[in-house]
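> After the structure tokens below, expect a handful of questions from me.
The values are calculated or read from the model by the stated rules, or taken from the named source; none is laboratory data. The shown structure was predicted, so the numbers you read here are calculated from the model rather than taken from an experiment. Here the Cβ is made from the backbone with ideal geometry for all residues, glycine too, and neighbour counts use every protein chain on show. Areas reflect the complete protein model, heavy atoms only, side chains present, ligands, DNA and RNA absent. Shrake-Rupley method; radii C 1.70, N 1.55, O 1.52, S 1.80 Å.
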Amino acid sequence: MDLNIFQNASEGAGKMKGRPLIIALDFPDGKEVDGFLKKLPDQKLYVKVGMELFYQEGPAIIHQLKSDGHDIFLDLKLHDIPQTVKQAMKGLAKLEVDLVNVHAAGGSAMMQAAIEGLESGTRAGAKRPDCIAVTQLTSTSESMLKHELLIDKSLNETVLHYAKSANESGLDGIVCSSLEVPEIYHHLKRSFKTITPGIRMAQDSVNDQVRVATPEKARELGSTAIVVGRSITKADDPLKVYLQMKNAWEGLPV
Ligand code: C5P
């Protein structure tokens, strides 16, 4: 398995190696995951396992997906005191997933502890999982930021501030909207990864996402990877939509 999946993310246009389309497996249990994956036979995928699925199936689902040859983003968004996050990350590294994440709002000491935990849990000779930070959830509005969280800065300012803080803490990148990517790379190096959900084909329903972009647009804006859930998982023909979106993302004819 290519554990260095992001290694060449900063290479020039047309080189999409290391810039995956990640499918969000937002399913309640392993049975539904099996049913869905049967519709994408013979594909080596990059999949995202979130809280919904992991809290039901635990490490077993990770072992299964790995033995099927898929790369894995374990999206558990850790946010706790540094020592707790460090120990939790040590355990997650042992699952040999490719990518994990924390909330940047947990602070720089917590983010550094996450990296320490991952390093200590990574098998000798293996690459530690990449670790990225959630900046602001796409469900957070300007009004919520100001009136509930009592943060006076704008959403964009807080996203950039969290991105810089994640970078300084030794993290490998952030989760953000693709629309925020150009501003991030105005301040940070291309090797800092931007993993962007909120991706839709032009004709798709937006659902609850607010700041959306097509795969083509996300590529133009410079996202390192895109995360796609419902457009593929709820499609009548998931394989057809997956290949269409992947081609669009990779700049190939759709
Ligand atoms: O179905 P959809 O394509 O909207 O799914 C997007 C996925 O990305 C979901 O798993 C969602 O939890 C995740 N995500 C997001 N926005 C963030 C962080 C994660 O949509 N800021």
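> Can you show me the helix-derived [θ] at 222 nm for the chain, built from DSSP H runs with n ≥ 4 at -39,500 (n - 2.57) apiece and divided by the number of residues, rounded to the nearest 500.
-11500 deg cm²/dmol
> Still on this model: Take every Cα pair under 8 Å in the range 182-254 that's 6+ residues apart, average their separations, divide by the length, and report that relative contact order as a whole percent.
Working: 77 pairs, mean separation 22.4, N = 73.
Once divided by the residue count of the range 182-254, the mean separation gives 31 percent.
> Students often get this wrong: which residues of the range 72-103 have the backbone nitrogen under 16 Å from the point 7 angstrom along Cα-to-C-beta of M51?
From the range 72-103, the list is 74-81, 85, 101-103.
> Sticking with this structure for a sec: If amide H atoms are built 1.01 Å from N in the plane of the peptide, which residues on other chains or at least 5 residues away come under 5 Å of the amide H of G18?
Those qualifying (amide H under 5 Å, at least 5 residues apart or on another chain) number zero.
> Residue-wise, which Karplus ³J(HN,Hα) couplings in Hz belong to the range 186-192, taking 6.51 cos²θ - 1.76 cosθ + 1.60, θ = phi - 60°, and x for glycine or proline?
5, 10, 10, 5, 5, 6, 7
> Can you tell me, using C-alpha contacts under 8 Å and at least 6 residues apart, the relative contact order of the chain as a whole percent? Kindly include the intermediate steps, with their values, before the conclusion.
On the way: 463 pairs, mean separation 45.0, N = 254.
Relative contact order for the chain comes out at 18 percent.
> Which of the three applies to the range 64-147, rounded, prolate or oblate, going by the alpha-carbon gyration tensor with a ≥ b ≥ c and a/c under 1.5 meaning rounded?
It is oblate, given that a/c is not under 1.5 and a/b is not larger than b/c.
> Indicate the gyration tensor shape class of the chain (rounded, prolate or oblate), computed on the Cα atoms with a ≥ b ≥ c the square roots of the eigenvalues: a/c under 1.5 is rounded; otherwise a/b larger than b/c is prolate and the rest oblate.
On the way: a/c = 1.40, a/b = 1.10, b/c = 1.27.
Rounded is the answer for the chain, as its axis ratio a/c remains below 1.5.
> Accessible area of the range 21-250 with a 1.4 Å probe: how many percent of it is carbon plus sulfur?
50 percent
> Given an 8 Å cut-off on Cα distances and at least 6 residues of separation, report the relative contact order of the range 130-174 as a percent.
56 percent.
> Averaged per residue, what accessible surface does the chain expose to a 1.4 Å probe, in Å²?
About 47 Å² of surface per residue is accessible.
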